[in-house]
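Here, each number is a calculation from the coordinates, and none is a lab measurement. Keep in mind that what you see is a predicted model, and the values were worked out from it rather than measured. Quick reminder, even Gly has a Cβ in these numbers, built from the backbone with ideal geometry, and neighbours come from all protein chains shown.
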2 protein chains.
Amino acid sequence: MNESTSSTKIKKYRMELQYKGSGYCGWQIQPHQTTVQETVSNALSLLASSRISITGASRTDSGVHALQQVAHFYFPEKKSVPDLKKALNAILPWDIRVTSVAEVSSDFHARKWALKKRYEYHFYTGEVFPPFRHDLALHLHSGFELKPAAEAAAVLVGTHDFSAFTGSGTSVVDKVRSVTLSRFRRRGSILIYRIEANGFLFHMVRNIVGTLIEAGHGKIKPSAIPSIINSLDRGQAGPTAPPQGLYLAKIWY
Amino acid sequence: MNESTSSTKIKKYRMELQYKGSGYCGWQIQPHQTTVQETVSNALSLLASSRISITGASRTDSGVHALQQVAHFYFPEKKSVPDLKKALNAILPWDIRVTSVAEVSSDFHARKWALKKRYEYHFYTGEVFPPFRHDLALHLHSGFELKPAAEAAAVLVGTHDFSAFTGSGTSVVDKVRSVTLSRFRRRGSILIYRIEANGFLFHMVRNIVGTLIEAGHGKIKPSAIPSIINSLDRGQAGPTAPPQGLYLAKIWY
């Protein structure tokens, strides 16, 4: 259902979501897979008694979490749901939570209007991985040093062609993105890497994180990062970090 | 295997454990149930090639977690396992972690030697329960006020007969325990209740927490706590709080 094909009076809404991605094949609807987009779309459709599709700001990968995902959707006005957030949370499984729903102007677009996004990657640096963080962080093994990883992270700030950090198979032509923040923050045994940019390419954060882990283990020198970027060659950067440490954290409009 | 029945040279060990209790019917071995004690005992038995039993400091309930459980066991010296902790963590499922193993004197007893224990109860006080805390905290609904709950908590400090807070069916005769700490600590939307005592009765912490929640909702007055204690009547205190917020947190020897 969208504005052009429907004659019923409909309103446009902006929704904010949190999810633990472990049980989902990512955000985007795919045949024969359970995805976040489909699960939320099904819940909305149940409330509307008609098919409601939703458009998300970011297509998170399988196993990746969201502290804040933003989506928009159309909902028929005649279907009176006084508290759409509460109604959705009552239907949705525990691992997807709607944190806000608000009516927006008809031209709002969750993906196109996004000015900046923040991703976080969570690490656990202690010896024994706590069971309470299962699927929620990556265990960094001994030998990792923060200093070179942080130095390598700092070099990424700026406007660059991020081809060297992009997974193959992407249809995106323009691979230039502006990274405005790229740094680590330590809280005891928890280490969090934050990156903010005006946009991200397929697997970009996970490839950057894989590269920073290599830097922390002395396998890639921080001084080599500019030439890795300039190479535009995916083969020059580190491996793709696993999804369970990654969180879509914030989106600015 | 224990000292009196075995003629092989054996050593006694003290082990510290963390576990997420959601997948277990508590600590203690029970027929046809998966328990933490049995799971750890099986892992040790596999390494020793003989049956090893373990004795824990506390019998945590089904669904209750441990930040620090302590147990002792005997292990045959001839079975050379250079790093018992590492070997156990390689065998054990992710939701049980061994954080330390050390040889102790033959008279050490994990339960009998415990001088003081700390339990924690974790609450989430925000509107939408974060998926990342599923099974790890109790959602406190609006209307809960910390002040009366904290006042009620403070009254529990001291040496009392805790019959009013003990689950039925316990065989323990002496129900006098000395509570040395009983207080709340708030960190944003996370609220943690801590209680320390020289010992705890069956369901004691969960019954206390259920009573403190009632106090927070204005259903039990903090000033009524002394008479609830003095009644020695389980019917006077609040309901048993659910297990998922409870953590065995620390044991002092």
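For this structure, a couple of remarks:
- Only Cα sites of the stretch B:116-252 enter the Debye sum here, all with the same form factor; the resulting log10 I(q)/I(0) across q = 0.09, 0.13 1/Å is -0.24, -0.50, listed in q order.
- Formal net charge of residues neighbouring residue A:198 (Cβ-Cβ distance under 10 Å; K, R +1; D, E -1): +2
- When its C-alpha radius of gyration is set against 2.2 N^0.38 Å (N residues), the stretch A:10-103 gives a value of 0.99.
- For chain A, the fraction of C-alpha pairs more than 26 angstrom apart is 44%.
- In nm, spacing of pseudo-spin labels at residue A:233 and residue A:111 (7 Å Cα→C-beta vector): 3.2 nm
- Rounded to the nearest angstrom and listed largest first, the equivalent-ellipsoid semi-axes of the stretch B:101-174 from its Cα gyration tensor are 32, 22, 13.
- Think of the protein assembly as shown as having a plus end and a minus end, set by charges on the Cβ of Lys, Arg, Asp and Glu; of A:146, B:141, A:76, A:146 sits farthest toward the positive end of this dipole.
- Between residue B:104 and residue B:45, the simple spin-label model (points 7 angstrom out along Cα→Cβ) gives 2.2 nm.
- Convex hull volume per residue for the protein assembly as shown, taking Cα atoms only, in Å³: 189 Å³
- Given chain A, longest segment not containing exposed loop GluC sites (Glu not before Pro) (DSSP; at most 16 other Cβ within 10 Å): A:146-253
- Take chain B and mark each of the trypsin sites (Lys or Arg not before Pro) that is in a DSSP loop with at most 10 other Cβ atoms within 10 Å; the longest unmarked stretch, sites excluded, is B:113-253.
- Charge dipole magnitude, Cβ of K and R +1, D and E -1 - chain B, Cα centre, debye nearest 20: 480 debye
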